[in-house]
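What follows is one structure encoded as structure tokens, with my remarks underneath.
Throughout, read-outs are computed from the coordinates displayed, never taken from laboratory work. Remember, it's a predicted structure, so these values are computed and weren't measured experimentally. Note that we place each Cβ from the backbone using ideal geometry, even for glycine, and neighbour counts take in every protein chain shown.
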Ligand SMILES: [Zn+2]
Ligand SMILES: [Zn+2]
């Protein structure tokens, strides 16, 4: 009998406690929601969905802010999409965008010129019978490459990037066989190339 009454008491208690729990939970959700919502620095409305201004990072709603689409140049993302406070922040971001485009274009031009210059580096063979470099230069040596033309390209790159030079003199293209093992465990030989010269 005692067991039964205790059960009844528990059930009764649940009847009173459950609504309180629900009210408590709803309250907690409400507080969390209020905390999650942020006040727009422009219209002062408290909203769940706000943005951070791309310039000053203040909270701004999409109604008040100026929408800025993503800034892309030659497939490179220079700035993410977002919103800016109307006025000063929008102007600042637009100016910043123009600067980053200019900087990006200048960098692309520099890279293009470098590649163009590298492609034009003259490789003068050690066997060349014409005039060679009159004074002793700096010896350069590439690493081993799987293809002859890759080794030559590496020498051209070394000349431009490392020595600001447009000609490599006394060029020797060396090839050697290296031992390797096939996936089936069979030994085999493969050829590699390197270039030495003087800049
Ligand atoms: Zn607003
Ligand atoms: Zn702003």
Dividing the mean separation of Cα pairs under 8 Å (6+ apart) by the residue count of the chain yields a relative contact order in percent of 13
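How would you rank 198, 153, 176, going from fewest to most other Cβ atoms within 10 Å of each one's own Cβ?
176, 153, 198
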For the chain, the longest principal axis of the Cα atoms and the Cα long axis of helix 148-163 enclose an angle in degrees, to the nearest 10, of 80
Relative to the longest principal axis of the chain, what angle (0 to 90°, nearest 10) does the C-alpha long axis of helix 2-36 take? 50
Is segment 39-116 rounded, prolate or oblate when judged by the Cα gyration tensor, a ≥ b ≥ c being the square roots of its eigenvalues, rounded requiring a/c under 1.5 and prolate requiring a/b larger than b/c? prolate
Separation between the residue 21 and residue 91 pseudo-spin-labels, each 7 Å from Cα along Cα→Cβ, expressed in nm? 5.9
The chain: angle of helix 88-119 to the longest principal axis, Cα-based, in degrees nearest 10: 30
Just need log10 I(q)/I(0) for the chain at q = 0.17 Å⁻¹, Debye formula, equal scatterers on the alpha-carbon atoms, no solvent, rounded to two decimals. -1.10
Rounded to the nearest 500, what is the 222 nm mean residue ellipticity of the chain from helices alone, with -39500 (n - 2.57) per DSSP H run of 4+ residues and division by all residues? -15000 deg cm²/dmol
